[in-house]
Every structure is written in structure tokens, then in C-alpha cells.
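Presented below is the structure to which this report refers.
Each reported figure results from applying straightforward, stated rules to the coordinates on display, with no laboratory input. Here the structure is a predicted model, which means the values were calculated and not measured. Every residue, glycine as well, gets a Cβ built from its backbone with ideal geometry; the counts of neighbours run over all protein chains shown.
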Amino acid sequence: MSLPFDLKQHYVDWLQELINSYGSHQEQVQITYERAKRNLIDSQETFHFPSDLKKVKGIGEAIAKKLEVKLKEYCKKNSFEFPSKIENEIASNKRSTTTLRSTTIDSDVTSRPLKKKRKYIPKKRSGGYAILLALLESGATEKGLTKDDIIEIAQKYCNNSMLPNYTTKELHGSWSSITSLRNNYLILEEGRPKRFSLTEEGHELAKTLKEADGIIFENEGNTTLNQNKFWNDPNEVTADLTGLFANKSFPSQPDQGNSSKIIDVTFKENENLVHGIISQTGTTNKANYTLANKEGLIGNGLINGSATEASNIVQKRYNNISYQLWNRGSYDIFPIIDHREVKSVTDREFFINAFHRKGVHSELRQLSLGDIIWVARHKVTKTICILDTIIERKRLDDLASSIRDNRFMEQKTRLEKSGCQNKIYLIEETIGINNNNIQVNMDEALKTALWLILVYYKFSMIRTSNSEETVEKLCYLHEVISKHYLEKDLIVIYPDNITSQESYYNILHDFKKEFERNKSIECCHTIECFQEIMGKSESRTIGEITINILMLIRGVSLEKAIAIQSIYPTLNHILKAYQSCKSPSEAKLLLYNKLGNAPGTKRITKSLSEKISEVFYDN
């Protein structure tokens, strides 16, 4: 028996089966296949051979091969003869000829060859080239890798820096090539924080690039290379605090109330500040701290531990979320400074240079939240996690302006969602050249803000007179933090699909509630998770959402959307305004009457007002 000629509906059904076969953590794959299915349904052509499907946008070699397997199974089950490649080519030629004969377009136009889309192949030693080889080397076909994991491997295959280097004014890194790889279906992006893996096409292209350039991986043939990436590993054992130390004699420590809080509120001078902070951490391990200081183990934050301890990483699960146990001494501690934190326009590297002069290792990054954070980096895996101390640095004039434009409340909310115990406002009592009248105009608001920070929100505060004093106090603070973690084991959390900042906070809170019953343990998220989830884009206001929706209407620019939102703050206000219109003609002119005479790019024309009414007005 021969197959029916039009198998389009079968291909649609098989695509749906493939979509259903993927789990919830493979959402990006499902989206890709759903897009292909939708495009196939919309197509008016006839599809018989699997190769015909490549004409549909979103269906490439990988999907076509999977559907070919489905077709073979269907033929075998129903005793159909599977079409051969020769039949495929003949039929393809026949269909092409029929199409050309039936068309009514001018013969000169039809004879013109269609321009074939050029296949994307990344340039040698470029960002895309390096990312593909890094994913191939780590075996990332089923389990994805995080951005930092990929960059660590990929850098050796790339001529340029994978990340921006703010100290050398390189504001764009080669990592941006990930967009081209994603658009060409060479990689898949899944979960939150994002993890990247190779598609079948990406895997084939990466293998071709490797063979063409004669590249030999350091761990060629090592199938265990990507097994330590802590993402949905079925071999992980579920363990709470009791299960984690079931085979260990682990002494419990007395509850010291708020002893986990390193920093206390202070307006004191330098020497009193340090004395006050250190006294808050108690007197335990004072001898160890003194010895460590004498041996130079504190200062640059790199607390040395044995290689055996560093490599002994415990991996388990709690509440169906992976975590690692980092033993004390297996990680280094240092601050990360937001690259936008500058002393002045002409001295943009003041803070990192000042730390370096004082022997404190620090790094520059663009932080999603906070101006300075303390992190721990594992000595073997080089994974970085966020510790419990985050600083928001404000000059007096900056604090005043943040109160005026409501940034203060927005930042305060995100700081609370970070889950960090030690949230510190560092207030520099200096003002910009153009803000000499700031204290006169904002005196009461500043007093209110300071008392809100201290009393109501229970944040800590450090006050300094200038940037030099800021560096001094931060170095003292770094010593205290380094001492604090000499006797701390870290539980590092690896969630695979965080949906919101609230989810980020709740996961951390649940882990702290369970594991920090033992006072020598601290729970924390990875820096990848922190950076991706705690950004401003993750906590958009209703007003911002309204503006974004308005901009989806053709002809509505950002300026026009902002102008409309200033009159109608939310979508509800817009809908009610149109509902109150007594006739369609009144609805069509609603926004024209409001913004028809607005200046410049804010002006709404009659035609645009009519187009917007078609979206929101229902008569």
C-alpha cells in the first residue's frame, strides 16, 4: 500500500505528541515546537515527504528528522511503504513544475532564482564559535549550563573577552553572540536562572567546527564532565539538616539571638565603628581570627583551605531543589562592586583601585541589585554565591533625588526580597556641585528617610563624610565579614525554575529555616540566580506594563505611550474611559482630543487615535 499524498494533519498530530513528551523544565523546547506546529497549520501547501516540511518557518533538520521517525513508525504500523529518496526528488520536481505552470506572474519574474537564505556559521574564534565549542566540550545536549559555566570554558576559544571589561572601557562582550545562536535554533534556553544546551543542529555544527579546526578537548570522551552542574540530577539524595549530617558528629551551637547580623546601626567614628561591629559577632574564635590575621589570610579575603576539603563537595536535594554543601575553608571571600559606582566622572575606578592598594581583592560587575555585595567563590568549581551582606551606597543628593522619583521605595522593596540579613545603607554626606540647595529643599524628607531606614525597615546604616572614608570603613567591614566566615559552612542553592523575586526569597527563606538551625551554616543563592532574578525588569510596575502594552499598537512610540499613561495610569483607566464614550465616533477621537495638540513626538493624530480605539473600544 502507498501513503496518502497529503500527510499534513499527521505531521501536526506528531508535533503535538513531541510537545507533550517534554517536561515542564523544557519550556523553551515546547515553545519552539509549538511555533513550528502553528506555522505548519497556517501553511496552505501539501506535505508528503518529511523533507517538504523544511519549507515551513521554524522546522529545521532536527524537527524534520524526528517527524521522519514518526512517519516510519506510522508506515510500519499500518503496512504502508515508506517513500524512498528517489520518489521524494521526483515528486519535488513535479510539484515545482506544476507550481511554475500554474502561476500567472510574468515569466521574467518566475525565472528569477529565489535567494536562498545563507546558513549561519559563526566566524572562527568569535563569541558564537566559542559558545558552541564550550557546550560541545561539556556535553550540554540534555543538561544545560549556566552563563558563567559556559564563559569559563568558552574563553579559550575566543579572541575577545566573553564579558564586558569595565576597567578597560570594553562595554560589550562576545557573549552577545548567544542571541544569534538562539535565533538560528542552534541552542535552547530553559529554566530560570537560564541554562543553555545544544539543539541537534547546534550539536552537528559544533562537531563540524571542532573537526574542521582540529580541536582536541582537554577531557575528550569524559562523559562525566557535565554531571556536576547540579540540575535535576536523578541520583541526588533528598536530605534535610538531620539527613545532611547523619553520618557526622556535628556539634550544635547555642542560639545567640541576632548573632547572624554582622552589622549594627552606627553613626560613630572609624575606630568605634570597627570595635562595635566586631563586638556584635561575639568573642568566639577570637584566637583563630588573630592567628589568621597575623598569617595574612584575611585582608584580601582569600581564606586558604586544603585541596581535599575544597574538592569534597556534597550534593543533595531539599524540597525538590538541588543544593551543595561547601565546607569552611573551601571558598574565597571578596566584594563585588557595581561598575557604575564611581567617585566622579573623571575617577571611575576609584573604589577598585583603593581596595587593591589596601590589599583587598575585589571585582567589578554590573550588579542587578545593590552597589557592593560580598560573595564566596569555590576554590575548585569557581562557582560564586551571594553572601548575607549587601550595601546600597548613596550620596546625600542622590538619596534626596531617589525619594523624589520614588526609586528609594523601589530599591528598598528589592533589597528586602534579596533575602540578605545584612542590608546596609552607606550614606556619604557629600553633595554634587549642582545640588547645593538640596538640604534646604529636602531636609525633612531626608530625616524621614534616615529614620525609616533605621527604625521602620530595620536596615543598618553607615555614614561617611567622603569617598576616602567610605573605603576605610568598607575595608574594616571586609575584615569582619572574613572573620565571620572562618567557621561557616555554606549551603548553596541551585533552583532550576524560579518564577519571581518572591519565589527567590521564599526558597531562600525555606532553606534558612531548615538548615540555619545549625548556627555554623549559612544558605545562599548563586550569583547567576541573583543577577537574573533581582533585576529591575523582574519587578515592573503596573504603569510600566501599561506603557509596554500600548507600544504593541503600531504607531505608538515610547513617548506617545508615556503621554497616554500620564493621563490614564493603568489599563483599567483606559478601558473605563472608552466605556464611557457614547458613540464610536467619540471613542475614535478620545485620545486625539486629549493629545492632538501635544508637543513633538507626544502628539496623537486622528488616524492613530482611531487605531487605538479599535483595540480598546467595544461597541
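Observations, loosely collected:
- Over all distinct Cα-Cα pairs of the range 7-72, the Kirkwood formula returns a hydrodynamic radius of 11.7 Å.
- For the range 465-547, diffusion coefficient by Stokes-Einstein and Kirkwood Rh (Cα), 37 °C, 0.692 mPa s, µm²/s: 210 µm²/s
- Sequence-distant aspartates and glutamates (8 or more away, or on other chains) whose Cα lies within less than 20 Å of residue 8: 17, 34, 42, 45, 52, 61, 68, 73, 81, 87, 89
- The string of couplings for the range 394-403 from the Karplus curve (6.51, -1.76, 1.60, θ = phi - 60°) is 9, 7, 4, 5, 5, 4, 5, 5, 5, 6 Hz, one whole number per residue in order, with x for Gly and Pro.
- Note on the range 132-146 and the range 492-565: Cα centroid distance 26 Å, given to the nearest whole angstrom.
- Judged by the mean number of other Cβ atoms found within 10 Å, the most tightly packed of the peptides 321-331, 568-578 leads the ranking 321-331, 568-578.
- Sparse-neighbourhood loop sites, trypsin sites (Lys or Arg not before Pro) in the range 115-162 - DSSP loop, at most 15 other Cβ within 10 angstrom: 115, 116, 117, 118, 119, 123, 124, 125
- Both radii come from the Cα set of the range 127-212: Rg as radius of gyration, Rh as Kirkwood radius; their ratio Rg/Rh reads 0.97.
- Candidate aspartates and glutamates for bridging to residue 423, where Cα separation is under 15 Å - those fewer than 8 sequence places away on the same chain excluded: 264, 371, 388, 392, 410
- Three-way shape label, the range 340-416, alpha-carbon gyration tensor, a/c 1.5: oblate
- For q = 0.12, 0.18, 0.22 Å⁻¹, Debye-computed log10 I/I(0) when each Cα of the range 507-619 counts as one equal scatterer: -0.54, -0.87, -1.17
- Of the peptides 354-363, 180-189, the order by per-residue mean of other Cβ atoms within 10 Å, starting with the highest, comes out as 180-189, 354-363.
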